[in-house]
Amino acid sequence: TLHHVASGSFTKIPQPTGTSYLGNWNYDFLVGANGVEFYYWARTGGSDQAAFYDIFKWSAATASSTRISAGGARAIYPKTDGQSVVWLQSPTDTAAGTASTLMSLPVGGGTASAVTSSASESFWLRDGVLGWREIGSTGNSLKAHALGQTSVVSRLNSALLYGAGAGQLVFGEQGKTYSWDAATRNRQLRIDASPNQVDRKSTRLNS
């Protein structure tokens, strides 16, 4: 349900025809020139571990939903920053916790492309900075894509991804909190401690 604060009105976003389950977490939205655009995921076929899921966009301008993923896979957990929408995609028989393909699609439409085929469920997208945890054969790392380039942010297997915003990626290493700047590709120590709480929308850290 969409609540319009100024008018106090409510708009119900209906379940798309042909879907049997709506993802009830890890959805995202933006408010742009056309009003609210809400990105979510829903089951479009199969059942249990063999279920298919797709990414949908509901637009307040048309009051309707459009499927934006290609179908035939498990496409889940969309995120958007107003420029792109990204999501995880994997075959339906993929075990939980294994690597997925991180897909990206311009908000204005076009063709979806794969950012990496080795992403974990830990990824962020804000203000043109996409960060994710990469699963490798010899260990994990943190990577970022911004300004047309992909960079390794941390090579530590234990590094934690906290969030992104304002051209920065925020992450933790060995009990300390760092930021990585997309423009300079440099990292900076921010807090000589690790947070005990992360505000998922603003990337505010509390310790």
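The values are calculated or read from the model by the stated rules, or taken from the named source; none is laboratory data. None of these values were measured; they are calculated from a predicted model. For neighbour counting, all protein chains shown are included, and Cβ atoms are generated from backbone atoms with ideal geometry for every residue, glycine included. Just the protein is used for accessible areas: all its heavy atoms, side chains included, with ligands, DNA and RNA removed. Shrake-Rupley method; radii C 1.70, N 1.55, O 1.52, S 1.80 Å.
Just one of [x] 21.5; [y] 18.1; [z] 19.6 is Kirkwood radius over Cα pairs in Å calculated from these coordinates, so which is it? Computed from the coordinates, Kirkwood radius over Cα pairs in Å corresponds to [y].
Look at the alpha carbon pairs under 8 Å that are at least 6 residues apart: their mean separation over the length of the range 61-207 gives a relative contact order of 12 percent. Of the solvent-accessible surface of the chain, computed with a 1.4 Å probe and all protein chains present, 50% belongs to carbon and sulfur. Normalising by residue count, the range 143-183 has a Cα convex hull of 58 Å³ per residue.
A Förster radius of 25 Å combined with the Cβ-Cβ distance from R155 to D93 puts the calculated FRET efficiency at roughly 0.25.
Ligands, DNA and RNA are left out, and with a 1.4 angstrom probe the accessible area of the range 1-137 is 50 Å² per residue.
For the range 1-48, dividing the convex hull volume of the Cα atoms by the residue count gives 94 Å³ per residue.
Considering only A61, G108, G148, and ranking their Cα positions along the charge dipole of the chain that arises from unit charges at the beta-carbon of Lys, Arg, Asp and Glu, the one farthest toward the positive end is G148. Residue by residue, the range 41-57 carries 3J(HN,Hα) couplings of 10, 8, 6, 10, x, x, 7, 6, 6, 9, 6, 9, 10, 9, 8, 10, 10 Hz when phi is fed to the Karplus relation 6.51 cos²θ - 1.76 cosθ + 1.60 (θ = phi - 60°); x denotes Gly or Pro. Distant-in-sequence amide contacts of G163, defined by a placed amide H-H separation under 5 Å and a gap of 5 or more residues or a different chain, comprise V170.
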